[in-house]
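> To start, I am sharing the structure in question, which I have written as structure tokens.
Bear in mind these aren't lab numbers, they're just calculated from the coordinates by the rules spelled out. What you see is a predicted model; the values in this text were computed from it and never measured. Neighbour counts run over all protein chains shown; Cβ positions are idealised from the backbone, glycine included.
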């Protein structure tokens, strides 16, 4: 039973644990199913190939979802790569 509880906490991640503890009031889903599916690096035949452009589009979908909720600030580093996503509730 304890192992099952630990497994569930791992699945929830840090945001879920902070929500349960009362340190966060709400957690917004950032994942967009279509962007996630397109960014998956594993092909149907099992080959793994990372596509930086698809990964970038997925990250941009995260930012758009957070901004829609009025809950994000996004920064890119000097070389144009993602610098970070900050989400505020």
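> Among 60, 4, rank each residue by its count of other Cβ atoms within 10 Å, from fewest to most, as a rough exposure measure.
4, 60
> Between residue 68 and residue 20, what FRET efficiency follows from the Cβ-Cβ distance if R0 is 30 Å, with the result rounded to 0.05? Intermediate values should be presented prior to the final figure.
Working: r = 25 Å, r/R0 = 0.83.
So the FRET efficiency works out to roughly 0.75.
> May I pose another question? For the range 1-70, rounded, prolate or oblate, judged on the Cα gyration tensor with a ≥ b ≥ c (square roots of eigenvalues), a/c < 1.5 rounded, else prolate if a/b > b/c? It would help to have the intermediate numbers written out before the result.
Details: a/c = 3.74, a/b = 1.36, b/c = 2.74.
It is oblate, given that a/c is not under 1.5 and a/b is not larger than b/c.
> Efficiency by 1/(1 + (r/R0)^6): what FRET value for residue 3 and residue 40, r their Cβ-Cβ distance, R0 = 25 Å, to the nearest 0.05?
Given R0 = 25 Å and the Cβ-Cβ separation, E is 0.30.
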